[in-house]
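One structure is given here, and the rest of the page talks about it.
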Amino acid sequence: MKHGKKYVASAELVDSTKQYDIAEAMDLTVKTKTAKFDETVEAHIRLGVDSRHADQQVRGAVVLPNGTGKTVRTLVICKEDKAQAAKDAGADYVGAEDLVTKIQTENWMEFDVLIASPDMMGLVGRLGKVLGPRGLMPNPKAGTVTPDVAKAVTEAKAGKIEYRLDKQNIIHCPIGKVSFGAEKLQENFETLLSAVAKAKPAAAKGQYIKSCVVATTMGPGIKVNASKYGA
């Protein structure tokens, strides 16, 4: 894969053999941005677990102190008695069977987070095949199946992100935008690492955090020393 001049110039600032401490890594991340738009910064955390085993799954959610820099569109599926609270909390769409049908028949996907009250999961379950592959299926561990739908909307809007392993045992998460600056990115990154460390399964053996890389959307990967978080 051939990279452009800007990427090559950015990559020259990064020592690919070195694990940077977190503050230095965030500083470099901001310096190595290559695009004219405000790039997203992502963390890629490889864990020493086997996601094929149920007792080694790592999944949860955490509110980043500085948000993600992204406007989050929320859809709430709940009964009428909770609908107004959800709207007051800032939900973009609130409904029940009407919206489930809209997703089923029109493949309507104008939302980033789906929140459901527990008594509606029988209805939402019908959407498993549509929402599952997109990572949009509500889940109690992520706080998106909850009786307090209003609180879930507030947290989603404030920058709550879900983290979970992919098939390669890696967690991929946004931690903000380049425009946040190194300090705010560091706060978000450390909040995510703390949450992942606390979510360590009892069945996990050996080194838990195997490696950690941060990168902007178009920039080079920067290795981070995450040893204080249980590496």
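Given A91, T29, V124, which one lies farthest toward the positive end of the charge dipole of the chain, if we put +1 on the Cβ of every Lys and Arg and -1 on the Cβ of every Asp and Glu?
T29
If you average 1/r across every pair of different Cα atoms in segment 20-132 and take the reciprocal, what Kirkwood value do you get, in Å?
17.7 Å is the Kirkwood radius here.
Give the Kirkwood hydrodynamic radius (Å, one decimal) of segment 167-231, defined as one over the mean of 1/r across all pairs of different Cα atoms. Kindly include the intermediate steps, with their values, before the conclusion.
Numbers: mean 1/r = 0.0769 Å⁻¹.
By the Kirkwood definition, the hydrodynamic radius is 13.0 Å.
Add +1 for every Lys or Arg and -1 for every Asp or Glu among the other residues with Cβ under 11 Å from the Cβ of T216, and state the total. Intermediate values should be presented prior to the final figure.
Numbers: positive: K31, K33, K177; negative: D38, E39, E42.
Residues near T216 contribute 0 overall.
Nothing charged except the Cβ atoms of Lys and Arg (+1) and of Asp and Glu (-1): what's the magnitude of the dipole of the chain about its Cα centre? Round to the nearest 20 debye. Let's see the in-between values first.
On the way: 33 positive and 27 negative charges, 149 e Å.
The calculated dipole for the chain is roughly 720 debye.
For L123 and E183, FRET efficiency with R0 = 30 Å and r from the beta-carbon atoms, rounded to 0.05? Walk me through the intermediate numbers first.
Numbers: r = 44 Å, r/R0 = 1.46.
It comes to 0.10.
Semi-axes, largest first, in whole Å: what does sqrt of 5 times each Cα gyration tensor eigenvalue give for segment 113-231? Could the numbers behind the result be given before it?
Values: eigenvalues 161, 67, 41 Å².
Ellipsoid half-lengths, sorted descending, are 28, 18, 14 Å.
Would you list which aspartates and glutamates come within 20 Å of K151, measuring only between C-alpha atoms, while excluding same-chain residues fewer than 8 positions from it?
Excluding near neighbours in sequence, the set is E80, D81, D88, D92, D112, D119, E162.
Hey, if you drop one equal point scatterer on each alpha-carbon of segment 58-118 and run the Debye formula without solvent, what base-10 log of I(q)/I(0) do you get at q = 0.12, 0.28 Å⁻¹?
Cα-only, vacuum Debye calculation for segment 58-118: -0.35, -1.20.
Exposed loop GluC sites (Glu not before Pro) only (DSSP loop, at most 13 other Cβ atoms within 10 Å): please give the longest stretch of the chain free of them, not including the sites. Could you put the intermediate results ahead of the total?
Values: sites that count: E12, E110.
In the chain, the maximal stretch lacking such sites is 111-231.
Hey, can you find the accessible area per residue of segment 46-88 for me, probe 1.4 Å, expressed in square angstrom?
Numbers: 2330 Å² over 43 residues.
The answer is 54 Å² per residue.
Write out the trypsin sites (Lys or Arg not before Pro) in segment 61-155 meeting two conditions: DSSP loop, and at most 12 other Cβ atoms within 10 Å of their Cβ.
When the trypsin sites (Lys or Arg not before Pro) of segment 61-155 are filtered for loop state and at most 12 Cβ neighbours within 10 Å, K79 remain.
For segment 71-173, what's the radius of gyration and Dmax over Cα atoms, in angstrom?
When restricted to the Cα atoms of segment 71-173, Rg and Dmax are 13.1, 42 Å.
Under a Cβ-only charge scheme (Lys and Arg +1, Asp and Glu -1), can you give me the dipole magnitude of segment 113-222 about the Cα centre, in debye to the nearest 20? Working shown, then result.
Values: 15 positive and 8 negative charges, 74 e Å.
Dipole about the Cα centre, nearest 20: 360 debye.
With every protein chain present, what is the per residue accessible area of segment 108-155 (1.4 Å probe, Å²)?
45
Heavy atoms only, probe 1.4 Å: what % of the accessible area of the chain goes to carbon and sulfur, would you let me know?
Solvent-exposed carbon and sulfur of the chain make up 51 percent of the total.
So, in nm, how far is label K141 from label Q168 when the simple model puts each one 7 Å beyond its Cα toward the Cβ?
2.1
For the chain, just say rounded, prolate or oblate: build the C-alpha gyration tensor, square-root its eigenvalues into a ≥ b ≥ c, call rounded for a/c under 1.5, and beyond that prolate if a/b exceeds b/c, oblate if not.
Since a/c reaches 1.5 and a/b is larger than b/c, the shape of the chain is classed as prolate.
Whole angstrom only: what separates the Cα centroid of segment 39-72 from the Cα centroid of segment 83-141?
21
Exceeding 26 Å between C-alpha atoms, which entries from my cross-link table qualify? They are K33/K200; K87/K200; K184/K205; K79/K198; K79/K160; K79/K167.
Too far apart for the 26 Å limit: K33/K200; K87/K200; K184/K205; K79/K198; K79/K167.
The values are calculated or read from the model by the stated rules, or taken from the named source; none is laboratory data. Not measured: the values here are computed from a predicted model. Quick reminder, even Gly has a Cβ in these numbers, built from the backbone with ideal geometry, and neighbours come from all protein chains shown. Protein only, heavy atoms only, side chains kept; ligands, DNA and RNA dropped before computing areas. Shrake-Rupley method; radii C 1.70, N 1.55, O 1.52, S 1.80 Å.
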